[in-house]
Every structure is written in C-alpha cells, then in structure tokens.
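Accompanying notes for the structure given below.
The values are calculated or read from the model by the stated rules, or taken from the named source; none is laboratory data. In this text, all values refer to a predicted model and were calculated from it rather than measured experimentally. Note that each Cβ is placed from the backbone with ideal geometry, even for glycine, and that neighbours are counted across all protein chains shown. The accessibility values were calculated without ligands, DNA or RNA, using every heavy atom of the protein model including side chains. Shrake-Rupley method; radii C 1.70, N 1.55, O 1.52, S 1.80 Å.
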Amino acid sequence: RFKSVHKDSKGNFSIVLTPEGEKCEFLRFLYNTSNFWQGQDRITEEERNTWNHHVINKITAIGYLLNDFKFQTELKAVIAMDGQMGDIGQSNGRTGKSLIGLALSKMLEQTIIDGRNTKNDDDFLYDKVKPQTRNIFLDDVKVNFDFERFFSAITSNLQINPKGGKRYEIELDRSPKFYITTNHAINATTSSSIQRIIFMSFSDYYNANHRPADDFGHSFFADWDYEQWMLFDNLMCECNQLYLRSMAETWNRVGEGAIQPPMNDIIQRTLLQQMGSAFHQWAETYFDESAGHLNMRIKRKDMYNAYHSEFADNKFGVTANNFKTKLELYCRMKKFDLNARKPNARGLSFFDFIQHNKEDIFVGGMDKSNGFEYFTVSTRDESINGIL
C-alpha cells in the first residue's frame with residue numbers, strides 16, 4: 001500500500017502510496033479521519049505535514065496492537081479520542097474510532113468491553129477475557145474513566161477473576177494489549193499516565209450526519225469484495241512492518257515504535273475538562289488584557305470571591321481547596337506563569353527553570369505576606385520584566 005514512507009531531518013513524514021494503496025478503502029478511511037481541514041480549498045505545507053503525522057500515528061499504533069511481542073520500553077494502551085475541542089461532558093462520537101477496534105477483531109482474538117456500563121471498581125471487568133485473547137477493546141469509556149486503574153494490567157501479568165470461576169493470571173508476554181475509545185478527554189496529566197498511553201486523534205470528518213458508507217457506497221467488512229479484503233489484509237501487515245521499522249530507525253524515541261499524534265489539541269481538551277468549562281469561562285474574562293488582572297499581584301481571597309460572584313448559585317466544583325489547581329491548569333492552557341517571583345516546588349528560581357524549560361510554564365511556590373496569600377498570573381515577557 002505504501003511506495004515509500006520517509007521521515008526528514010525536521011521530523012516531518014512524507015508518504016507515497018502505490019496504486020493499490022489508493023484503492024484501499026480502509027487506508028483512505030485512515031486518511032479521512034486524520035483530515036482536520038475538510039472544507040478548505042487548499043492546505044499549507046505545515047498542514048500537510050500535520051495530516052501525514054496523524055496518518056503515521058494511526059498506522060504505527062495499529063501495528064503496535066497487532067504485534068504480539070511486548071517491548072519492555074513500550075508497555076502502553078492505545079487510546080482513541082476526538083481531536084476537536086468541545087464542551088465539557090459533550091459526547092459527539094461517530095468519528096470512526098470504533099471501526100479501528102472492529103478492524104483489529106478481523107486480525108486477532110479480541111474481547112470487547114462496553115465502557116459506558118463499566119464501573120471503575122468492577123472486580124469482574126475481565127470476565128470474558130480468555131488466555132487466547134490478544135486485544136481488549138474497551139469501547140466508549142465515560143468521562144470519569146480511571147485510567148490509572150489499568151497500569152498493572154498494561155505493565156504486568158493480567159489478573160482474571162471470572163464470574164463463578166477460579167482466579168488465574170495471564171503472564172505479561174502473552175497478555176492482551178488494550179485499545180480504548182472515548183468521546184471525552186482522558187484524565188491523564190501526570191508523567192506516569194502519559195507514558196502509558198499511545199494516543200490517536202480523530203477529526204470530525206465522519207460524524208452523525210456523514211458515515212464511511214456515504215463515501216464508499218457500502219459498509220466496511222460485511223460488503224467488501226475479495227479485492228478489498230486482500231488490500232485490507234496487506235495493509236494490516238504493513239502497519240505491523242512500519243511499526244517495527246519505526247522502532248528500528250527510531251522515528252519516535254529509542255525503544256518505542258508507535259508515533260504519538262500532534263498533541264496540542266489533546267492536551268488542550270484534557271486541561272479544559274479538568275478545570276471545567278465554568279472556570280475557563282470566568283478566567284478568560286478575568287485575565288483578559290483589558291480587565292487589568294493579568295500581570296498583577298492579587299489576593300487569593302479576592303480572586304476566589306471574584307469567581308464566585310460570577311457563579312453565585314453554583315460553584316461548579318470549584319472550592320477554596322482546589323482553586324489554585326484550577327488556576328494552574330488555566331495557566332498551562334494559556335502558557336502563563338504563576339508566581340514567577342517565588343521558587344518552585346523543586347527550589348528552582350524562575351530564571352534557573354526557564355534556562356532548560358523555555359517552552360514550559362513556571363509555577364512558583366506560595367506568595368504570602370501579612371497573613372494574606374497572593375497570586376500573580378503573568379505572560380512570559382512580564383515574568384521576565386517583573387523580576388529584572
């Protein structure tokens with residue numbers, strides 16, 4: 001399906017398809033679900049590079065799931081989510097994420113778990129998993145999905161507790177890999193969480209009003225002829241090959257073959273979900289340049305009261321205890337620094353920190369005087385000027 005796949009010195013991917021690749025409906029589906037620019041007459045070179053990046057992400061992630069071998073440096077779950085920003089709790093879906101799970105089921109033994117009806121503390125979650133299961137497809141998990149619960153299942157032997165049966169375990173080298181889909185952001189911001197995820201990001205090219213059948217004139221799999229099945233089978237084999245090639249040529253990093261997608265939209269959705277739409281709405285107004293609060297040292301109590309004067313009837317989960325956490329999340333979204341005059345939790349000053357972390361925000365420690373705590377939310381230029 002691929003005449004050539006190449007990564008240049010700038011980290012951009014170029015993909016040239018064979019005539020058979022152009023005919024392969026499932027490969028065209030992967031391209032369409034990576035198209036975040038539908039409706040535009042033209043796309044820029046940068047947008048084309050980003051498009052190719054999303055395609056390579058999906059190809060190598062599928063290859064990772066198809067490959068039986070487990071590299072100790074890449075024990076992860078693949079999580080597919082919508083790439084478009086949306087309201088908190090909004091569940092659009094229909095973007096094609098579950099079709100990847102169906103494709104995997106055509107190539108290996110799979111157990112499907114309904115994520116919508118799964119409790120975080122379900123002791124019988126793997127009831128239907130068998131020793132021959134190669135993939136667990138956890139479909140459409142809820143907004144409060146506890147990903148950290150799956151750490152041990154991803155990185156060590158899988159513990160099985162069948163209903164009415166005896167507990168047993170599947171050793172790590174034979175345990176299934178996880179493919180998880182969600183219409184929401186995943187609550188995973190710690191480094192340990194992020195390191196256990198291979199993300200897939202889906203555009204809204206497909207949605208409730210536009211299905212793959214509208215493009216191809218028939219349903220995938222059930223309505224395919226011999227040629228499409230042959231093209232699909234060969235594509236799945238090539239996904240595996242390109243995953244191993246990525247591992248060998250270090251397209252990503254040493255010991256990892258699956259390429260992460262462009263992460264900005266995923267990170268933004270995660271931050272928005274964790275801070276909540278109400279806090280985000282308030283902060284966008286409060287820290288607008290015209291409001292006079294940005295780059296100013298303000299009492300924590302005054303800032304907290306300003307939020308609750310805006311949402312007097314409903315706190316929307318914002319309390320005195322978590323207000324600073326929400327504020328940090330907003331700073332991360334907007335690339336603002338917080339309390340730049342104070343050393344951070346590691347004891348580093350602002351200037352020591354930014355020497356090696358120029359793209360990251362600085363979060364200083366508590367700023368307190370005369371019995372009052374203060375917050376200073378500042379742009380990077382003002383962080384520098386305020387200390388100099």
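For the subset of the stretch 260-280 comprising residues that are of a type in the set (A, V, I, L, M) and part of a helix (DSSP H, G or I), which member is farthest from T250 (Cα to Cα)? Break it down stepwise before answering.
Narrowing the stretch 260-280 to residues of a type in the set (A, V, I, L, M): 263, 266-267, 271-272, 275, 278.
Imposing the further condition that a residue be part of a helix (DSSP H, G or I) reduces the set to 266-267, 271-272, 275, 278.
Values: I266: 23, I267: 24, L271: 30, L272: 33, M275: 36, A278: 42 Å.
The extreme case among them is A278.
If you go through the stretch 62-80 one residue at a time, do you hit one that is over 17 Å from R134 (Cα atoms), touching a residue at least 60 places away in the same chain (Cβ under 8 Å) and surrounded by 14 or more Cβ atoms within 10 Å (Cβ to Cβ)?
yes
Picking from F220, F232, F178, which residue would you name as being touching a residue at least 24 places away in the same chain (Cβ under 8 Å) and part of a loop (DSSP other than H, G, I, E, B)? Quick ask: steps written out before the conclusion?
Numbers: F232 fails: part of a loop (DSSP other than H, G, I, E, B); F178 fails: part of a loop (DSSP other than H, G, I, E, B).
Residue meeting the stated conditions: F220.
Filtering the stretch 265-277 down to residues that are open to solvent by 50 Å² or more (accessible area, probe 1.4 Å) and touching a Phe, Trp or Tyr at 6+ places or on another chain (Cβ under 9 Å), which residue is farthest from M200 (Cα to Cα)?
S277
Residue by residue, here is whether (1) open to solvent by less than 60 Å² (accessible area, probe 1.4 Å); (2) within 20 Å of L66 (Cα to Cα); (3) among the hydrophobic types (A, V, I, L, M, F, W, C); (4) touching a helix residue (DSSP H, G or I) at 6+ places or on another chain (Cβ under 7 Å) holds:
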{"residue": "Q132", "(1), (2), (3), (4)": "no, yes, no, no"}
{"residue": "N144", "(1), (2), (3), (4)": "no, no, no, no"}
{"residue": "F150", "(1), (2), (3), (4)": "yes, yes, yes, no"}
{"residue": "K163", "(1), (2), (3), (4)": "no, no, no, no"}
{"residue": "D173", "(1), (2), (3), (4)": "no, yes, no, no"}
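How many of the residues making up the stretch 183-217 are farther than 28 Å from A258 by Cα and either in contact (Cβ under 8 Å) with a residue 12 or more places away in the chain or surrounded by 13 or more Cβ atoms within 10 Å (Cβ to Cβ) (or both)? Even if it seems obvious, please write down each step before you answer.
Going residue by residue through the stretch 183-217, those that are farther than 28 Å from A258 by Cα are 208-210, 213-217.
Among the residues that remain, those that are also either in contact (Cβ under 8 Å) with a residue 12 or more places away in the chain or surrounded by 13 or more Cβ atoms within 10 Å (Cβ to Cβ) (or both) are: 208, 210, 215-216.
Here the count works out to 4.
State which residue is surrounded by the fewest Cβ atoms within 10 Å (Cβ to Cβ) when the search covers only the stretch 233-264 and only residues that are at pLDDT below 95 and in contact with a His (Cβ under 8 Å, 6 or more places away or on another chain).
Among those that are at pLDDT below 95 and in contact with a His (Cβ under 8 Å, 6 or more places away or on another chain), it is P262.
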